[in-house]
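The values are calculated or read from the model by the stated rules, or taken from the named source; none is laboratory data. Note that the structure is predicted; figures quoted are calculated from it, not measured. For neighbour counting, all protein chains shown are included, and Cβ atoms are generated from backbone atoms with ideal geometry for every residue, glycine included. In case anyone asks, the SASA skips ligands and DNA or RNA and just uses the protein heavy atoms, side chains included. Shrake-Rupley method; radii C 1.70, N 1.55, O 1.52, S 1.80 Å.
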Amino acid sequence: VTISGLSLPTAEVADAMVSKYRGIGRSIRDFAERHREGVASGRAPATFAVERAIEQVERWLSTPLAEDVLLTSTTEPPAGYDVEAWRGRLSDVIAADVRPALEVFRDVLRDEVAPVMRPDEQCGLSWLPDGEQTYARLLARDTTTTLSAAQIHQIGLDEVASLGEEYRTLAPEVVGTDDLPSIYRALREEVIPLYYQRDR
């Protein structure tokens, strides 16, 4: 988490950061609750996601409060503003709200989610109890298509196959072969590096 992209042009905006930091704590607790709800409905995340999240939270919590990323990544308030007192208020909120929320989140992941997390090879939607229906709803929402996931996947496979034939036609002039694995290797190791070197 960083907030370096936020500008603090006035004292009022800087002061408002204190309540925004309280909101970060609430959001983290809400996120933990969403995980509880997910587990209760059979929607556990994959192992890699749970383990990485626990690791990231542990690393954050092990950082001294004075070096917390929410303190060190902030933009400086305007000139004349009491920065020391402001950072003290932010630090108080981090200690009282954000870090306890992180501890709750870590504990939920470790104690409630990790025991039922899915194997990494079952991380897709299709492994959820209503995965196919969920996928269909997302497709309809995001693409407005009436095609099924299998039909869309086949379109992708057909397109990749078509590109392969195109590469076989064009590549001999460029890389000296129409063997597809050799073409891909040459693109990765020779053509693409040359392209980037040319642009420098």
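Over the range 104-144, what per residue volume does the convex hull of the Cα atoms give, in whole Å³?
98 Å³
With the full set of protein chains in place, find how many percent of the accessible area of the chain is carbon and sulfur; take the probe as 1.4 Å. Don't skip to the end; give the middle numbers.
On the way: 7090 of 13070 Å².
Roughly 54 percent, rounded to a whole number.
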Report task. Calculate, in nm to one decimal, what Glu159 and Gln197 gain on full extension: separation in residues at 0.36 nm each, minus their alpha carbon distance. Result -> 10.7 nm
Report task. Could you pull the accessible area for Ser126 with a 1.4 Å probe, rounded to 10 Å²? Result -> 80 Å²
Requested in this report: Please report, largest first and rounded to whole Å, the three semi-axes of the ellipsoid equivalent to the chain, where each semi-axis is the square root of five times an eigenvalue of the C-alpha gyration tensor.
Outcome: 45, 29, 17
Requested in this report: Express the accessible area of the chain per residue in Å², computed with a 1.4 Å probe while the remaining protein chains stay in the model.
Outcome: 65 Å²
Query raised in the report: Each residue of the range 116-125 in order: what ³J(HN,Hα) in whole Hz does its phi give by Karplus 6.51 cos²θ - 1.76 cosθ + 1.60, θ = phi - 60°, with x for Gly and Pro?
Result: 10, 5, 7, x, 4, 6, 10, 8, x, 4
Query raised in the report: Sorted by packing (mean other beta-carbon atoms within 10 Å per residue), highest first, where do 16-29, 140-153 land?
Result: 16-29, 140-153
**Report entry** Amide H contacts under 5 Å for Arg118, placed H, 5+ residues apart
**Finding:** Ala46, Thr47
Report task. Place +1 on the Cβ of every Lys and Arg and -1 on the Cβ of every Asp and Glu in the chain, take the dipole about the Cα centre, and give the residue among Ala46, Val69, Ser148 whose Cα lies farthest towards its positive end. Result -> Val69
Query raised in the report: Averaged over all directions, how much area does the convex hull of the C-alpha atoms of the range 118-200 cover when projected, in nm²?
Result: 8.9 nm²
**Report entry** Sites Ser27 and Leu147, calculated FRET efficiency, Cβ-Cβ separation with R0 45 Å, nearest 0.05
**Finding:** 0.80
Query raised in the report: Can you work out ³J(HN,Hα) from phi for every residue in the range 55-72, in order, using Karplus 6.51 cos²θ - 1.76 cosθ + 1.60 and θ = phi - 60°, giving whole Hz and x for Gly and Pro?
Result: 4, 5, 5, 4, 5, 4, 5, 7, 6, x, 3, 5, 10, 4, 4, 6, 8, 7
**Report entry** Rounded to 10°, Cα long-axis angle of helix 149-175 versus longest principal axis of the chain
**Finding:** 60 degrees
Report summary line: Inter-part gap, Cα centre of the range 161-197 to Cα centre of the range 1-70, in whole angstrom, is 44 Å
Query - Cut-off 19 Å, label 7 Å out along Cα→Cβ of Lys20, residues of the range 104-126 by amide N - result: none
Report task. Using the Karplus curve 6.51 cos²θ - 1.76 cosθ + 1.60 with θ = phi - 60°, work out ³J(HN,Hα) for each residue of the range 82-88 in order, rounded to whole Hz, and write x for Gly and Pro. Result -> 7, 5, 4, 5, 4, 5, x
